[in-house]
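Undergrad: My questions will all concern the structure given below.
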Amino acid sequence: MKSLTRVLAVLLAVVMLLTCAVGCSTPKNAMTVNGYEVSTGEYLANLYNQFYSQYYNYAYYYQMYGMNVSADQFWGMEMTYGEGDTAIKMPMADYIKQMTKDAIVQQQAIKALVKEYQITLSEEDQKELTESLKGMTEDDTIGLGFNLESYTKMMAGSYEFNSLFNGLYKNEGAKYYVNETDRRDYFNKNFLLYRTFNVSIVDKDGKDLPKEEVDKLKKQMNSYIEMYKDGKTVEEIYTKFQADEKAKEDAKKKEEEDKKNQSTTSGTGTTTTTTTTTTTTTTTTTTTTTTGTTAADSDDKKEEDDKKEEEPKEVAPSPSYTSLVATAESANADLVKALQGMNLVDGVSEPTIVEYKPSDKTKVLAFVIRYSHQPKVEGITGGYESADKYYEESVDSVLSYMKEKEFTEMLEKKEKEIAKTVELVDRTIKMCDPKEFLK
C-alpha cells in the first residue's frame with residue numbers, strides 16, 4: 001500500500017495532456033464500488049493518471065542517460081504488484097489497470113471515512129483544487145475519452161485524502177486531535193539536525209582496524225573536541241580535520257613511493273647496494289600568443305574582473321547541516337541515540353565523538369554536534385530565523401510521521417472492506433486499453 005507521502009502527491013496537478021483518443025464510448029459505466037457507479041469517463045481519468053505516472057517515471061529515467069523510451073520498450077516492461085510472498089509479475093498494461101482499480105477503491109474508502117467522521121473538504125484544499133484546474137477546458141480532456149467533470153472527480157480524491165487526515169488529527173475538534181504540546185515534544189525528540197565529519201575505523205574489506213590504529217584515530221578526533229572547547233568554530237575545526245587527513249594521505253603516498261624507489265642488488269656471500277642518482281633537466285617552452293587588444297579593451301576587462309571579485313559568492317557551510325527523522329525503522333541507531341541524548345543550549349549542543357555503522361561494511365568515528373535549526377545567513381540559501389520558524393514549517397511533516405502508521409492501517413482496513421464490493425463491467429475494462437494513450 002502506498003505510504004502517506006506518496007498518496008499525498010497529486011500526480012496530475014500540472015499535466016501535458018496527450019492528443020490521442022482512447023475509443024471508449026460504451027458502456028456508460030466501468031465498475032461499481034460500494035454502491036457507487038464509476039462512469040467510463042471517471043475510470044479513464046484514473047487510468048490516464050496511472051499511465052502518466054508510470055510513463056513519466058521511466059521517461060525521466062531514460063532521459064538521464066540521454067535516451068528516449070519507446071512505446072514497445074514501455075509496454076514490454078514487467079512490473080511487480082504486491083509485496084512479499086503475495087507479489088506477482090504482470091505486464092505494464094495490466095499493472096496500470098490494476099493500479100487504477102486500487103486507486104478508485106481507495107477514493108471510495110476515503111469518501112466512506114469522510115462521511116463516517118463528518119469531515120468536509122477544507123477551504124484550503126478546495127482552493128488548491130480550483131487552482132490546479134485553472135486554465136483547463138473540456139477540449140483538454142475530451143480527446144482522451146473523458147470530460148472535465150470526470151477529471152475533476154479524480155483530482156478531488158487527492159484533496160479529500162488531505163482533508164481526511166487533517167480532519168482526524170490536525171484541525172481543532174478533530175476526533176484524534178494531536179495537541180501542540182505533543183507535536184512539539186515529538187519534533188524536539190525526533191527531528192534531528194546536526195553537522196558531522198568522520199574517519200573510518202575499518203579497512204576496505206569492512207574488517208576492524210588494529211586497536212593501536214583505532215586509538216590513534218580516537219586521539220585525533222578528540223583533539224577536535226578540545227579545539228571546540230578552546231573557542232574554535234566548527235568551520236575552523238573542519239578545516240583542520242581536512243588538513244590532517246591530507247597530511248596522512250600525503251605521508252602514505254610518500255612511504256609507498258620510497259619503497260618503489262629503493263633499488264637493491266644482491267650477490268652471493270656479499271650484498272652490495274648501489275644507488276645511482278640521475279638528474280634530468282626538463283626545459284619547458286611557453287609560447288604566448290598576443291591578439292590585438294586595445295587599452296580600452298584592457299580597461300573594460302579589468303573593470304569586469306573587479307566586478308566579479310566584488311560579487312559575493314554563495315558558499316554553503318562546511319560541514320553541511322544534515323537532517324534526520326528518528327523512527328522505529330531508523331538506521332544508524334547509535335547515531336540517533338547519541339543525538340537524542342544531546343542537550344541543546346541556545347540552539348546548539350556540545351560536540352561529541354560517536355562510533356556508529358552507516359552501513360553493514362562501514363564503521364566510523366564521527367565528530368557530531370546537534371542544532372535546533374540551521375541559522376539563516378545572508379547570502380546563503382536555506383536556514384531559519386529561529387527554531388520556532390523551523391518548527392512551524394515542519395508541523396505537517398511532524399503529524400505525518402506521528403500518525404502515518406495509524407492512519408494507513410485505518411485506511412487499508414476500509415479499503416479491504418470496500419474492495420469486496422467491487423463489480424467490474426468487463427466489456428468496458430477490456431475496451432479501455434492504456435496502450436491507446438501512446439498511439
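The values are calculated or read from the model by the stated rules, or taken from the named source; none is laboratory data. Not measured: the values here are computed from a predicted model. Because the Cβ atoms are built from the backbone with ideal geometry, glycine has one as well, and the counts that use them run over all protein chains shown. All accessible areas refer to the heavy atoms of the entire protein, side chains included, with ligands and DNA or RNA removed. Shrake-Rupley method; radii C 1.70, N 1.55, O 1.52, S 1.80 Å.
Undergrad: Considering (1) at pLDDT 95 or above; (2) hydrophobic (A, V, I, L, M, F, W, C); (3) more than 24 Å from Lys420 (Cβ to Cβ), say which one Leu121 fails and leave the rest.
TA: (1)
Undergrad: Same structure again: So Thr264 ticks every box in (1) under 53 Å from the mean Cα position of the chain (by Cα); (2) β-branched (Val, Ile, Thr); (3) modelled with pLDDT of 50 or more; (4) more than 25 Å from Phe197 (Cα to Cα) but one. Which box is left unticked?
TA: Thr264 satisfies every listed condition except (1).
Undergrad: Sticking with this structure for a sec: Can you tell me which residue is nearest to the chain's Cα centre (by Cα) among those in the range 332-341 that are crowded, with 19+ Cβ neighbours inside 10 Å and without any contact (Cβ under 8 Å) to a residue 60 or more places away in the chain?
TA: The residue in question is Leu335.
Undergrad: Now a separate question. Pull out all pairs, ordered by first then second residue, where Cβ-Cβ is under 9 Å, the residues are six or more apart or on different chains, the first lies in the range 223-241 and is over 14 Å from Ile369 (Cα atoms) and open to solvent by less than 40 Å² (accessible area, probe 1.4 Å), and the second is of a type in the set (A, V, I, L, M, F, W, C) and in a helix (DSSP H, G or I).
TA: These pairs meet every condition: Phe241/Met221.
Undergrad: Examine the range 195-212 for a residue that is in contact (Cβ under 8 Å) with a residue 24 or more places away in the chain, open to solvent by less than 40 Å² (accessible area, probe 1.4 Å) and on the phi > 0 side of the Ramachandran plot, and state whether such a residue exists.
TA: yes
Undergrad: Taking only the range 161-186 into account, find how many residues are assigned to a helix (DSSP H, G or I) and surrounded by 15 or more Cβ atoms within 10 Å (Cβ to Cβ).
TA: Final tally of qualifying residues: 11.
Undergrad: Give the residue that is farthest from the chain's Cα centre (by Cα), with candidates limited to residues of the range 374-383 that are at negative phi and either of a type in the set (Gly, Ala, Ser) or open to solvent by less than 50 Å² (accessible area, probe 1.4 Å) (or both). Break it down into steps so the answer makes sense when it comes.
TA: Of all residues in the range 374-383, those at negative phi come to 374-378, 380-381.
Going one step further and asking which of them are either of a type in the set (Gly, Ala, Ser) or open to solvent by less than 50 Å² (accessible area, probe 1.4 Å) (or both), we end up with 374, 380.
Values: Gln374: 19, Ile380: 21 Å.
Checking each candidate, the answer is Ile380.
Undergrad: Here is a further query. Specify which of the listed residues (Ala71, Ala112) is closer than 17 Å to Ile418 by Cα, open to solvent by 20 Å² or more (accessible area, probe 1.4 Å) and in contact (Cβ under 8 Å) with a residue 60 or more places away in the chain.
TA: On the way: Ala71 fails: closer than 17 Å to Ile418 by Cα.
Exactly one residue qualifies, and that residue is Ala112.
Undergrad: Is there a residue in the range 352-369 that is under 30 Å from Asp215 (Cα atoms), surrounded by fewer than 18 Cβ atoms within 10 Å (Cβ to Cβ), of a type in the set (Asp, Glu) and out of contact with any Phe, Trp or Tyr (no Cβ under 6 Å at 6 or more places or on another chain)?
TA: Yes, the conditions are met somewhere in the range 352-369.
Undergrad: Any residue at all in the range 36-55 that is on the phi < 0 side of the Ramachandran plot, of a type in the set (Ser, Thr, Tyr), open to solvent by less than 40 Å² (accessible area, probe 1.4 Å) and not in a helix (DSSP H, G or I)?
TA: Of all residues in the range 36-55, those on the phi < 0 side of the Ramachandran plot come to 36-55.
From what is left, the residues that are of a type in the set (Ser, Thr, Tyr) are 36, 39-40, 43, 48, 52-53, 55.
Of the ones still in play, those that are also open to solvent by less than 40 Å² (accessible area, probe 1.4 Å) are 39-40, 43, 48, 53.
When the remaining residues are screened for being not in a helix (DSSP H, G or I), the result is 39.
Yes; the residues of the range 36-55 include at least one that is on the phi < 0 side of the Ramachandran plot, of a type in the set (Ser, Thr, Tyr), open to solvent by less than 40 Å² (accessible area, probe 1.4 Å) and not in a helix (DSSP H, G or I).
Undergrad: Something else about it: Pick from Lys189, Lys219: which is farther than 30 Å from Ala387 by Cα and assigned to a helix (DSSP H, G or I)?
TA: Details: Lys189 fails: farther than 30 Å from Ala387 by Cα.
On inspection, the qualifying residue turns out to be Lys219.
Undergrad: I want to confirm something. Restricting to the range 405-439 and keeping residues that are among the basic types (Lys, Arg) and part of a loop (DSSP other than H, G, I, E, B), which single residue is surrounded by the fewest Cβ atoms within 10 Å (Cβ to Cβ)?
TA: In the first step, residues of the range 405-439 are kept if they are among the basic types (Lys, Arg); the result is 405, 413-414, 416, 420, 427, 430, 435, 439.
Next, from what is left, pick out any that are part of a loop (DSSP other than H, G, I, E, B): 420, 439.
On the way: Lys420: 8, Lys439: 11.
Checking each candidate, the answer is Lys420.
Undergrad: Quick check, is Ala59 closer than 27 Å to Leu148 by Cα and modelled with pLDDT under 90? Before the answer, list the steps.
TA: Values: closer than 27 Å to Leu148 by Cα: yes; modelled with pLDDT under 90: yes.
Judged against the criteria, Ala59 is a match.
Undergrad: When only residues in the range 342-351 that are open to solvent by 60 Å² or more (accessible area, probe 1.4 Å) and touching a residue at least 12 places away in the same chain (Cβ under 8 Å) count, which is nearest to Lys218 (Cα to Cα)?
TA: Let us first name the residues in the range 342-351 that are open to solvent by 60 Å² or more (accessible area, probe 1.4 Å), namely 343-346, 350.
Remaining after also requiring touching a residue at least 12 places away in the same chain (Cβ under 8 Å): 344, 350.
On the way: Leu344: 24, Glu350: 17 Å.
So, considering only residues that are open to solvent by 60 Å² or more (accessible area, probe 1.4 Å) and touching a residue at least 12 places away in the same chain (Cβ under 8 Å), the one nearest to Lys218 (Cα to Cα) is Glu350.
Undergrad: Which pairs do you get when a residue that is more than 14 Å from Asn188 (Cβ to Cβ) and of a type in the set (Val, Ile, Thr), found in the range 373-392, comes within reach of a residue that is part of a strand (DSSP E or B) and open to solvent by 50 Å² or more (accessible area, probe 1.4 Å), reach meaning Cβ atoms under 7 angstrom, with the pair 6+ apart or on two chains?
TA: none
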